[in-house]
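K.L.:
I have a structure here, written as structure tokens, and I will follow up with some questions on it.
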């Protein structure tokens, strides 16, 4: 018996070690990016400074003059925040109606919403460019906000719908008995009850907006250009400026990766549309 | 206001917005795909504006089908998507099973593992192609140079030198050629999406029937046959969902291709559309319609599958 316990213990240790190695390997590129961001451009390409070097904050301090980082970051924040707010504003009433007053068409409507997400963006590239240019909305925050909101709306509605379905119908109906109107129901009963779900939906929507790299690149030039556009524009330095490029990249993904840690569980619900529990 | 119309009213903003978002651009793509529409046409200035008098019928479709890049782009799209799917599902299942049981620091490992998924695609591509895969300055180049220095050193060593003198110098791989840059894209996207697969499989493994596994252990079933006959069938549906969702995301892969492969011939369907859209809008639109058809074939499967479990 002791031998069995012994061998299962070694197996457990081996398993844990392997798991740690895999985790570290997957994280390694991000670690490498952050590490390089503290090297000077010259040190960044020297093998002898692979791990041992004098760390410098220069790359971060010069980010504004090298890349005009804050302008792009501000655009990313503005567009992602407003797109998320609008997506919730449109999505909450919709998901509320679907969860508490489902009709026969509800399922089909949800499916259809999902199908808009599957439309390849590239297929409508030129019409979108044409429309935004002829409406005078090319390279404006407004257009990017609208597009980001629309591409994430199906996911937002689906996630909210799955959260709202968990709330017992009786609670909402009790509110109706007391003569609360619909707006009051949403504000006074639904939002406080589903607060956690709404928050994680918002967080995930924000992350997807921030990382979006098709429309933000194709529909902007300078005024509304986001961090995706900034990185895309500096893509091929061929070894030059590794240090400063790493700093600006790390500054672009760092906050989002940290936010992501908080909503990793919701990711499953959001991206599988509740089909895996 | 009656009880029936209110829910509809609440849903209408979302439905109307999505309807506009879907129908207008797609309708325009369909229209452009049937007319001659070229942005820079000095010879035929009337083609530079969309107009019904430039009707071309299925001419754009014919043009696209006869374009040698088109078949290559479809083939390349499918190659990239299928490779990514195969790798992410295989790695995803292995890692999910590995970290399914509790061990010290499991929470941290989970956080480390999921991190790549939140990296923006543009940074992912820049990071991998410059700092990791570059044949001279990236990690790959540094590693190859290191190994070569080591071999050089061993060749001059006293006794073993004559043995090592037969060893060749290792050549680093350049990931900027047409074919190899497709591999680079596969590597970086696999890195980014394996965490997603792991997360989904882990969630699903949590709901696996433990009593069944205990019974199997008592019956003398080894870990492999337990995996093969209990875990894998349990994962069948999550695997199908991961495959479908990723297929839809990766068929429209763009930023990575744009950054890694600009101008070196490695293109997929969205990239080809972007190229056409610089001038020949008719051809770009026809290619877009083909992309929609391709995505629809994939989407129908996904909707069927999720639809079954939706109202459970």
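The values are calculated or read from the model by the stated rules, or taken from the named source; none is laboratory data. Quick caveat, the model's predicted, so the values are computed rather than measured. Quick reminder, even Gly has a Cβ in these numbers, built from the backbone with ideal geometry, and neighbours come from all protein chains shown.
K.L.:
Kindly list the number of the only condition in (1) touching a residue at least 12 places away in the same chain (Cβ under 8 Å); (2) under 30 Å from residue B:203 (Cα atoms); (3) surrounded by fewer than 23 Cβ atoms within 10 Å (Cβ to Cβ) that fails for residue B:271.
P.N.:
(2) is the only condition that residue B:271 fails.
K.L.:
Residue A:162 - would you say it is at negative phi and more than 10 Å from every other protein chain (Cβ to nearest Cβ)?
P.N.:
On the way: at negative phi: yes; more than 10 Å from every other protein chain (Cβ to nearest Cβ): no.
No: the conditions fail for residue A:162.
K.L.:
Just wondering, is there one or more residues in segment A:179-201 that are out of contact with any helix residue (DSSP H, G or I) (no Cβ under 8 Å at 6 or more places or on another chain), more than 10 Å from every other protein chain (Cβ to nearest Cβ) and not in a helix (DSSP H, G or I)?
P.N.:
Within segment A:179-201 (the criterion being out of contact with any helix residue (DSSP H, G or I) (no Cβ under 8 Å at 6 or more places or on another chain), more than 10 Å from every other protein chain (Cβ to nearest Cβ) and not in a helix (DSSP H, G or I)), the answer is yes, since at least one residue qualifies.
K.L.:
For segment B:93-138, which positions are farther than 24 Å from residue B:175 by Cα, at the interface with another protein chain (Cβ under 7 Å from one of its Cβ atoms) and in contact (Cβ under 8 Å) with a residue 12 or more places away in the chain?
P.N.:
Within segment B:93-138, B:95, B:99, B:113, B:114, B:115 meet the criteria.
K.L.:
Then there's this: In segment B:287-302, what residues are in contact with a helix residue (DSSP H, G or I) (Cβ under 8 Å, 6 or more places away or on another chain) and either surrounded by fewer than 17 Cβ atoms within 10 Å (Cβ to Cβ) or modelled with pLDDT of 75 or more (or both)?
P.N.:
Kept after step one, since they are in contact with a helix residue (DSSP H, G or I) (Cβ under 8 Å, 6 or more places away or on another chain), are these residues of segment B:287-302: B:287-292, B:294-295, B:298-299, B:301-302.
B:287, B:288, B:289, B:290, B:291, B:292, B:294, B:295, B:298, B:299, B:301, listed by residue number.
K.L.:
Which residues, counting only those in segment B:22-42, are more than 18 Å from residue A:108 (Cα to Cα) and facing another protein chain (nearest Cβ under 7 Å)? Lay out the reasoning, then the answer.
P.N.:
First, the residues of segment B:22-42 that are more than 18 Å from residue A:108 (Cα to Cα): B:24-42.
Hits for segment B:22-42 are B:25, B:26, B:28, B:29, B:32.
K.L.:
Out of all the residues in segment A:76-105, which are touching a residue at least 40 places away in the same chain (Cβ under 8 Å) and over 15 Å from the mean Cα position of the chain (by Cα)?
P.N.:
Listed by number, the residues that qualify are A:86, A:90, A:91, A:92, A:93, A:94, A:95, A:96, A:98, A:99, A:100.
K.L.:
Continuing with this model, one more query. Mind listing just one residue for me: the one in segment B:268-285 that is more than 10 Å from chain A (Cβ to nearest Cβ) and in a helix (DSSP H, G or I) and, of those, modelled with the highest pLDDT?
P.N.:
Checking each candidate, the answer is B:283.
K.L.:
Moving to a separate point now. Pick from A:275, A:247: which is crowded, with 20+ Cβ neighbours inside 10 Å, in contact with a helix residue (DSSP H, G or I) (Cβ under 7 Å, 6 or more places away or on another chain) and not in a helix (DSSP H, G or I)? Explain how you work it out, then say what you get.
P.N.:
Working: A:247 fails: not in a helix (DSSP H, G or I).
Among A:275, A:247, only A:275 is crowded, with 20+ Cβ neighbours inside 10 Å, in contact with a helix residue (DSSP H, G or I) (Cβ under 7 Å, 6 or more places away or on another chain) and not in a helix (DSSP H, G or I).
K.L.:
Then there's this: Could you check segment A:129-142 and list, in sequence order, the residues that are part of a helix (DSSP H, G or I) and surrounded by fewer than 22 Cβ atoms within 10 Å (Cβ to Cβ)? Full working, then the answer.
P.N.:
To start, the set of residues in segment A:129-142 that are part of a helix (DSSP H, G or I) comprises A:129-134, A:141-142.
Residues satisfying the conditions are A:129, A:130, A:131, A:133, A:134, A:141, A:142.
K.L.:
What are the residues in segment B:69-92 that are free of Cβ contacts under 8 Å to residues at least 12 places away in the same chain and under 16 Å from residue B:247 (Cβ atoms), if any? Give the derivation first.
P.N.:
Keep residues of segment B:69-92 that are free of Cβ contacts under 8 Å to residues at least 12 places away in the same chain, which gives B:71, B:75, B:78, B:82, B:86, B:90.
Answer for segment B:69-92, where residues must be free of Cβ contacts under 8 Å to residues at least 12 places away in the same chain and under 16 Å from residue B:247 (Cβ atoms): B:75, B:78, B:82, B:86, B:90.
K.L.:
Quick one: is residue A:126 surrounded by 22 or more Cβ atoms within 10 Å (Cβ to Cβ) and more than 18 Å from residue B:17 (Cα to Cα)? It would help to see each step written out before you state the result.
P.N.:
Numbers: surrounded by 22 or more Cβ atoms within 10 Å (Cβ to Cβ): yes; more than 18 Å from residue B:17 (Cα to Cα): yes.
Judged against the criteria, residue A:126 is a match.
K.L.:
Further question on the same structure: Where residues in segment B:139-156 are away from chain A (no Cβ under 14 Å) and exposed (fewer than 12 other Cβ atoms within 10 Å of the Cβ), which of them is farthest from residue B:257 (Cα to Cα)?
P.N.:
Pass one, segment B:139-156, residues away from chain A (no Cβ under 14 Å): B:151-156.
Okay, now just the ones that are also exposed (fewer than 12 other Cβ atoms within 10 Å of the Cβ), so B:153, B:156.
Working: B:153: 40, B:156: 44 Å.
Selected residue: B:156.
K.L.:
Given the conditions (1) surrounded by fewer than 19 Cβ atoms within 10 Å (Cβ to Cβ); (2) without any contact (Cβ under 8 Å) to a residue 24 or more places away in the chain, which single one is not true for residue A:268?
P.N.:
For residue A:268, the failing item is (1).
K.L.:
If you don't mind, there's one more thing I want to ask. Return a yes/no flag: does segment B:206-219 have any residue that is surrounded by fewer than 19 Cβ atoms within 10 Å (Cβ to Cβ), closer than 30 Å to residue A:29 by Cα and within 13 Å of chain A (Cβ to nearest Cβ). Steps first, please.
P.N.:
Here is the first cut: in segment B:206-219, the ones surrounded by fewer than 19 Cβ atoms within 10 Å (Cβ to Cβ) are B:206-219.
Cutting the leftovers down to closer than 30 Å to residue A:29 by Cα gives us B:206.
Right, trim to within 13 Å of chain A (Cβ to nearest Cβ) and you get B:206.
Yes, segment B:206-219 has at least one match.
K.L.:
So, one more: When the residues of segment B:36-49 are filtered to those that are more than 32 Å from the chain's Cα centre (by Cα) and in contact (Cβ under 8 Å) with a residue 60 or more places away in the chain, which remaining residue is nearest to residue B:277 (Cα to Cα)? Please lay out each step first, then the result.
P.N.:
Here is the first cut: in segment B:36-49, the residues more than 32 Å from the chain's Cα centre (by Cα) are B:36, B:40-49.
Next, only the ones that are in contact (Cβ under 8 Å) with a residue 60 or more places away in the chain stay: B:36, B:40.
Details: B:36: 13, B:40: 11 Å.
Among those that are more than 32 Å from the chain's Cα centre (by Cα) and in contact (Cβ under 8 Å) with a residue 60 or more places away in the chain, it is B:40.
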